[in-house]
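Structure first, commentary second.
The values are calculated or read from the model by the stated rules, or taken from the named source; none is laboratory data. As the structure is a prediction and not an experimental result, all values here were calculated from the model. Here the Cβ positions follow ideal geometry from the backbone for every residue, glycine too, while neighbour counts run over all protein chains shown. Only protein heavy atoms, including side chains, enter the accessible area calculation; ligands, DNA and RNA are left aside. Shrake-Rupley method; radii C 1.70, N 1.55, O 1.52, S 1.80 Å.
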Amino acid sequence: MPLVKKTSERDLLTQKEAQARAAQICKISYGISLDLKKRGTCYRGVVWISFSCKGRTDTFLDFRGRSIQRFEVNGKSVKPIWKENRLALPRKLLKPENSVRIEYENEYDHEGVGFHHFKDPQDGEEYLYTNFEPFGAHRLFPCFDQPDLKATYDVSVTAPSDWVVIANSRRAKSEPTAKGFKRHTFETTKPFSTYLAALIVGPYREFRSQYKKIPLGFYCRKSLARHVDPEELFTVTQRGFDFYTRFFDFPYPFGKYDQVFVPEFNAGAMENVGAVTHSEHMVFRDPPTELQRLGRAETILHEMAHMWFGDLVTMTWWNDLWLNESFASYMATLCTAEATRFKNAWLVFNSDIKNWAYREDQLVTTHPIAGAVPDTDQTLLNFDGITYGKGASVLKQLVATIGMKRFRGGMRHYFKAYAFGNATLTQFLDSLERGSGRDLHRWAKLWLETSSLNTIRAACTIRKKRLMEIQLAQSANIRHPTLRPHHLEIAVGREERGKLWVESVRAQIDRAQAVIRFPRPRPVPAFVFPNHNDHAYAKVALDPASLRCVQEHLEKIEDPLLRQLLWQSLWNMTRDAELCSTDYLALVRAKLPWEGDKELIQSTLARATEALARFVPDSARQAESHVFFEFSRRSLEKAPRGDLQRIWARVWIQSAATPEDVETLARFADGRLPVRGLAVDQEMRWGIAAKCMAFALPGARKRLAAQEKRDRSDRGAREALRAKISAPDPRVKREAWRKFLGRGYGSLHLTSAAMSGFLWSHQKEILAPYAERFFREIPGIFRKRETEFARSFCAHLFPDHLMEPEVLARSEKLLGDLNGSLPLLVRILRAQNDDLARAIRCRALAAEGPRKPGLQQSTR
């Protein structure tokens, strides 16, 4: 009789357990054979595992499956001991050299992890793909599921004849078996970690090209094929290979390179060896802006960089996850800027990934770049702005300090020394030291092993109306008091003949204060900004005179990166309740019409809409939103055709917060209020339909039905769900809540789409019961449900539509009641509470009335 596994309370691996197992197990190889059928809920598999074993202690395989039909150890059939997703390997059964054979059955996954199954609502076709990072390979086959137990893989798959089968290595042969089925056998792989294994199956549409001797493939669902632009995708891929192989002086190590756009993907992309999976958001169903294309190119190059940094050489444990992600983020931006047509990649890096890092690093949940990760669940929380953005920013700063040639030399040594193996932070630093000739361990201690960020201020000494010196001061968060070395440039601006001229002065600070003296007195500057060209990873606090100059003359600064950095400082002041949110919004309305850089416009508008949603008090929000709505409309009407029109149209739709403004949008969608040169795309139509439902406008349900008929895709299914749940109807909310706590809407992505339509700030009365229900239910959600579901539930349903002290107090009470249990939930709640407390402070400042900080008399 097969052993059937019904439920499990545990699905994680601790670092201590992984270390003990790695000390015992080595020289691993897997043989995997799978049988897949159409319209099934389960699949069958056989795995053969060979490995060497040192010592005489019990160990285990990881396996989360439905049932085991047969379990053999060294040729002997034994009864499985299978608890908490662990398949015991007792010491009495083990030898120095071992073989294990397991026949099993498993169910498909529907939450974007493991072996995910998706049915296309347009044509009924089925698609399968794996997604394993950090701890998911054992959902497909029994294995030693940890990054430092690398192995080779021999894979064969029997599948319907019209299905494409993609794995990590090249296909060795395909041959018919039973009627309507083929057996696909793949070449033995190079050694790599289990989380990098991949299997993608289904009637995917294939696009082919070549880079030298490397076969290149792109794949997508049949229903999306008409939206794919293979020429640009292959151009970016080929230029990436050319750049990386020269930079690393190490050829691509994995034979072929496929990239697959997969449905309902939880992340942006995943660096599976030779078989990268990408979110379908990168297949543009509506006309994309150039910034969207740049973002896609950066993602493609990020995953490609992982083939060397992460796949060829892999971190030993997840505490060094940053070694993968920070490096890939830095290298992808460098490659995008130097090897593709997207030359403004570093500008986007600052507004996007670095700004993400600044936000995460100011939360109470900040952590070191290289921090402790006690188990695989904790790993999930480190896929954040600190791991990606701060780490990449710090690497950029390091390269500026030691020079690109020395950095490249260190990387080349690293790959040659640890190819197809694992490495630690210490080994990474040792390689960099060989390349640079510098001791980097103190640098690492200050930058990689401490939390939070510094704030840098500049002040001027003026004598007889001349600038004599600039004093720099750096400070740190009281909870994280580390002061760090910063190599930076100071922008010294002076106003002359109606322009702002900027001179750059090099400086460094590694203590609380530093003084930059000039050999000869200089003219009094209009402003100073101590992070010109964005070398430093630090907040910049503007002095009063500089703030006044920026508020009055920002548009006169010619350098778009400097303008962006100044906007970033203004935003940080707003988030810190040093600048009133309504003053910030007024500044956006005054200065953005003069701005010509698309990235700067888009990033500033994103912050403005966040300020409207979170930092403006309820008493003023409708009025402020309407003013911004009209501002966006005027800007849209004046914008040239193309990207700027789409940027302004999207923020126009997003800023509508009154029934009257939403009615205006409905007229736009229906062609009764046209904008010359702009076609209303489907994304815009869905956004307007959801707002019509949320405000219960006449004809909203008819509009929604029309959009469902117009867009029968999976995107349409998700957007329709979101719009339906947006209705201000107690019965709709009640039924949705019941489904959230039950079986949901069929998949995590559909359920998350429904959750995203549940909370609206203008529906407070209807939603009143659900704040307390959230706090009652959320501990049980984290105890009993899949991690991805629990995180989505918390992200979408935490009652922050109520920016009120009472909600914060209730959440803090729950944290106290948890008393450190459920560490994932504790960390998420602490971050949400921090954001909520910040919003409450900002709203309180705005409620006091507009201010004009910086317009007072200068103290210079």
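Results, tabulated for the structure shown:
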read-out	value
Pair list, Cβ < 8 Å and 6+ apart or interchain, from the stretch 1-26 residues that are under 21 Å from Asn319 (Cβ atoms) and modelled with pLDDT under 95 to residues that are open to solvent by less than 60 Å² (accessible area, probe 1.4 Å) and of a type in the set (Val, Ile, Thr)	Leu12/Thr376
Strands (runs of 3 or more DSSP E) wholly inside the stretch 116-228 containing at least 3 residues that are closer than 30 Å to Cys53 by Cβ and open to solvent by 10 Å² or more (accessible area, probe 1.4 Å)	151-160
Sole exception among (1) at positive phi; (2) more than 27 Å from the chain's Cα centre (by Cα) for Thr401, by number	(1)
Complete set of residues in the stretch 829-852 that are modelled with pLDDT under 95 and open to solvent by less than 30 Å² (accessible area, probe 1.4 Å)	Gly849
So Ser326, is it part of a helix (DSSP H, G or I), farther than 21 Å from Leu291 by Cα, hydroxyl-bearing (Ser, Thr, Tyr) and touching a helix residue (DSSP H, G or I) at 6+ places or on another chain (Cβ under 7 Å)	yes
Members of the stretch 403-427 that are open to solvent by less than 60 Å² (accessible area, probe 1.4 Å) and part of a helix (DSSP H, G or I)	Met404, Phe407, Gly409, Gly410, Met411, His413, Tyr414, Phe415, Ala417, Tyr418, Leu425, Gln427
Every residue from the stretch 372-397 that is in contact with a strand residue (DSSP E or B) (Cβ under 9 Å, 6 or more places away or on another chain) and either crowded, with 21+ Cβ neighbours inside 10 Å or under 14 Å from Met331 (Cα atoms) (or both)	Thr376, Gln397
Residue match in the stretch 292-302 (condition: basic (Lys, Arg) and part of a helix (DSSP H, G or I))	yes
Condition met for Asn98 (modelled with pLDDT of 95 or more, farther than 22 Å from Thr376 by Cα and in contact with a helix residue (DSSP H, G or I) (Cβ under 9 Å, 6 or more places away or on another chain))	no
The stretch 694-720, subset open to solvent by 30 Å² or more (accessible area, probe 1.4 Å), under 27 Å from the mean Cα position of the chain (by Cα) and not basic (Lys, Arg), residue farthest from Tyr745 (Cα to Cα)	Glu719
Exclusive hit being aliphatic (A, V, I, L, M) and closer than 28 Å to Asp711 by Cα, set Leu224, Leu216	Leu224
The one condition in (1) surrounded by 14 or more Cβ atoms within 10 Å (Cβ to Cβ); (2) more than 26 Å from Pro191 (Cβ to Cβ); (3) at pLDDT below 95 that Lys83 fails to fulfil	(1)
Counted residues, the stretch 51-85 - those being in a strand (DSSP E or B), touching a helix residue (DSSP H, G or I) at 6+ places or on another chain (Cβ under 6 Å) and not charged (D, E, K, R)	2
Residue check, Leu562 out of contact with any Gly (no Cβ under 9 Å at 6 or more places or on another chain), closer than 26 Å to Gln397 by Cα and modelled with pLDDT of 95 or more	no
Out of Thr314, Thr289, Thr299, sole residue that is among the hydroxyl-bearing types (Ser, Thr, Tyr) and open to solvent by 10 Å² or more (accessible area, probe 1.4 Å)	Thr299
Meets criteria (in a helix (DSSP H, G or I) and out of contact with any helix residue (DSSP H, G or I) (no Cβ under 7 Å at 6 or more places or on another chain)) for Arg827	no
Residue that is nearest to the chain's Cα centre (by Cα) [pool: residues in the stretch 544-571 that are farther than 19 Å from Arg607 by Cα and surrounded by fewer than 19 Cβ atoms within 10 Å (Cβ to Cβ)]	Asp559
Residue count for the stretch 86-111, restricted to those that are in a loop (DSSP other than H, G, I, E, B) and in contact with a His (Cβ under 7 Å, 6 or more places away or on another chain)	2
Unique residue being in contact with a strand residue (DSSP E or B) (Cβ under 7 Å, 6 or more places away or on another chain) and within 18 Å of Ser431 (Cβ to Cβ) when the list is Val283, Val276, Val313	Val313
Matching entry among Ser752, Ser761, Ser811 (being surrounded by 15 or more Cβ atoms within 10 Å (Cβ to Cβ), within 28 Å of Glu126 (Cβ to Cβ) and not aromatic (Phe, Trp, Tyr))	Ser752
Residues that are in contact with a helix residue (DSSP H, G or I) (Cβ under 9 Å, 6 or more places away or on another chain), open to solvent by 10 Å² or more (accessible area, probe 1.4 Å) and not hydrophobic (A, V, I, L, M, F, W, C), drawn from the stretch 254-278	Glu264, Asn266, Gly268
Condition broken by Cys335, with the remaining ones in (1) more than 18 Å from the chain's Cα centre (by Cα); (2) modelled with pLDDT of 95 or more; (3) surrounded by fewer than 24 Cβ atoms within 10 Å (Cβ to Cβ); (4) not polar (S, T, N, Q) satisfied	(3)
Where Glu360 falls short, out of the listed (1) under 24 Å from Ala507 (Cβ atoms); (2) without any contact (Cβ under 8 Å) to a residue 40 or more places away in the chain	(1)
Identity of the residue in the stretch 506-521, free of Cβ contacts under 8 Å to residues at least 40 places away in the same chain and surrounded by fewer than 17 Cβ atoms within 10 Å (Cβ to Cβ), that ends up nearest to Leu446 (Cα to Cα)	Asp510
For Ala400: the one exception among (1) open to solvent by 10 Å² or more (accessible area, probe 1.4 Å); (2) modelled with pLDDT of 95 or more; (3) within 22 Å of Leu565 (Cα to Cα)	(2)
Selection status of Ile32, at pLDDT 95 or above, closer than 17 Å to Arg86 by Cβ and among the β-branched types (Val, Ile, Thr)	no
Filtered residue count, the stretch 24-38, keeping only those that are under 21 Å from Asp148 (Cβ atoms) and either in contact with a Lys or Arg (Cβ under 7 Å, 6 or more places away or on another chain) or not small (Gly, Ala, Ser) (or both)	7
Residues that are part of a strand (DSSP E or B) and hydroxyl-bearing (Ser, Thr, Tyr), drawn from the stretch 231-281	Tyr257, Thr277, Ser279
Qualifying residue in the stretch 644-655 (condition: closer than 21 Å to Asp800 by Cα, in contact with a helix residue (DSSP H, G or I) (Cβ under 9 Å, 6 or more places away or on another chain), in a helix (DSSP H, G or I) and open to solvent by less than 50 Å² (accessible area, probe 1.4 Å))	yes
